[in-house]
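The block underneath contains the structure these notes are about, expressed in C-alpha cells.
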Amino acid sequence: MINIKTSHELIKMRKAGLITGGALVTAGKNIEEGMSTYELDRIIHDYIVSHGAKPSFLHYNGFPASACISVNETVIHGIPSKQEKLKKGDIVSVDVGAFIDGYHGDSAKTFAVGEAPEKAKALMESTEGSLLEVIKTLQPGMRIGDISAFVQQYNESRGYSVVRQYVGHGVGRNLHEDPEVPNFGRAGHGPRLVAGMVIAIEPMINEGAAEVRVLPDGWTVKTVDGKLSAHFEHTVAITPSGAEILTMPE
Ligand code: MG
Ligand code: MG
C-alpha cells in the first residue's frame, strides 16, 4: 500500500530530510585520506544525534552502524570498520538515514577521496546526473516505470550498467515503504505518481557488469567483476506541480 502524506506529515519529513542531507554534507567535509570508515561513521552518527534525530540504519535488521560506507567496488551496505582506511583516489558511497518526529529521510552520495581518476569521476557524474535529471521530470500522473526507464537509459547510454537486485522505495514512517522504485524498467508501467507520495530514488550504477554479490557478513554488496560502483539517492516528495527534494541540504 502506498502511503500518501498530508501536508502536516511533509513538514515532519522535511525536518528528517534536512538532517539527513546535512549529515551527508558533514561527511563530505570530513572525508580525508587515512581516516577509517569507522571514524567517518562516528562523525555522521554524532551529527544526526546532535540534531535530535536517530540514525535510521543503526540496528535496522541488525545493521551495526549509523551509515553504510561503501568504498570503490563495494556497491552498497558497506559496514564501517576501523581497519578500512580511505586512500587518495578512492570513491566512497555514503548512505545515511535520519529519523525524527516519527519520519525518516534517506539519502546517499558518492565522494572522491582527494582527486578521483577520470573514469571514477565520469561514473559518479552519470549516476548523479541521472538522479538529478529524472527528478526534474517528475509530475503527478507519471508512472514509476517512467523513472526506471529514464535512469536506465541515461546510464546505459553512457556505457554503464544498472544494479538490478536493489531498488529505490517509498519513505515515511518506515524507512522502506511501497512502492519499489527500480532503476531499470519500462516507461508507462507501474504505479502512478500522485501529490503527497514520497519516494527515495537511488541509482546504483556499475562501471562494468551489473552483477553483484553479497559477502559472507550478510551485508556488504560488491561488484562481481571488481570494477567501481557509484550510488546517489534523494528522498523526494511529489507535489501538485512537480517534485520537492527533501534531502537537499540548505
Ligand atoms: Mg539510502
Ligand atoms: Mg534508500
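The values are calculated or read from the model by the stated rules, or taken from the named source; none is laboratory data. Small disclaimer: the values here were computed from a predicted structure and weren't measured. With ideal geometry, Cβ positions are generated from the backbone for all residues, glycine too; neighbour counts draw on all protein chains shown. For accessibility, only protein heavy atoms count, side chains too; no ligands or nucleic acids. Shrake-Rupley method; radii C 1.70, N 1.55, O 1.52, S 1.80 Å.
Could you pull out the pairs from K5/K109; K5/K136; K15/K87 whose alpha carbons sit more than 30 Å apart here?
With Cα atoms farther than 30 Å apart: K15/K87.
Per-residue packing, averaged as other Cβ atoms within 10 Å, sorts the ranges 175-186, 109-120 into the order 175-186, 109-120, beginning with the highest. Partner aspartates and glutamates whose Cα lies under 13 Å from the Cα of K88, excluding those fewer than 8 positions away in the same chain, are identified as E32, E33, E115. Would you mind pulling out the separation of the Cα centroids of the stretch 185-224 and the stretch 104-174, in Å? Centre-to-centre (Cα) distance: 9 Å.
Split the accessible area of the stretch 7-245 by element, probe 1.4 Å, and carbon with sulfur accounts for 51%. Straightening the chain between Y60 and S157 buys 31.4 nm, computed as 0.36 nm per residue apart minus the Cα-Cα spacing.
Couplings for the stretch 221-232, taken from phi via the Karplus curve 6.51 cos²θ - 1.76 cosθ + 1.60 with θ = phi - 60°, read 10, 10, 5, 5, 8, x, 7, 5, 9, 10, 8, 10 Hz in order; Gly and Pro are left as x. Taking all protein chains into account, the per residue accessible area for the chain stands at 42 Å² (1.4 Å probe).
Ranked by the mean number of other Cβ atoms within 10 Å per residue, highest first, peptides 38-49, 132-143 order as 38-49, 132-143.
The 3J(HN,Hα) values that the Karplus relation (6.51, -1.76, 1.60; θ = phi - 60°) gives for the stretch 206-214 are, in residue order, 9, 5, x, 6, 6, 5, 10, 9, 9 Hz. Gly and Pro appear as x.
When peptides 22-29, 56-63, 194-201 are sorted by average Cβ neighbour count within 10 Å, with the highest value leading, the order is 194-201, 22-29, 56-63. Return the tail of the calculated pair distribution for the chain, meaning the percent of Cα-Cα pairs more than 30 Å apart. Here the long-distance tail beyond 30 Å is 20 percent of all Cα pairs in the chain. Within the straight-line cut-off of under 12 Å between alpha carbons, the aspartates and glutamates reachable from K119 are D90, E207, sequence neighbours fewer than 8 places apart in one chain being disregarded. Taken about its Cα centre, the stretch 170-250 carries a charge dipole of roughly 200 debye when the Cβ of each Lys and Arg holds +1 and the Cβ of each Asp and Glu holds -1.
For A195, no residue 5 or more places off, or on another chain, has a built amide H under 5 Å of its own.
Pop out the ³J(HN,Hα) list for the stretch 233-245 in order, Karplus 6.51 cos²θ - 1.76 cosθ + 1.60 with θ = phi - 60°, rounded to Hz; leave Gly and Pro as x. After applying 6.51 cos²θ - 1.76 cosθ + 1.60, I find 8, 10, 8, 10, 9, 6, 10, x, 10, x, 8, 10, 7 Hz. For K12, the aspartates and glutamates whose Cα comes closer than 13 Å to its Cα, not counting residues fewer than 8 places off in the same chain, are D101. Can you tell me how the stretch 18-122 classifies by the Cα gyration tensor, rounded, prolate or oblate, using a/c under 1.5 as the rounded cut? Prolate is the answer for the stretch 18-122, as a/c is 1.5 or above and a/b outweighs b/c.
Residues whose amide H falls under 5 Å from that of A200, counting only those 5 or more places apart or on a different chain, are H169, G170, V171, V236, with hydrogens built in the peptide plane.
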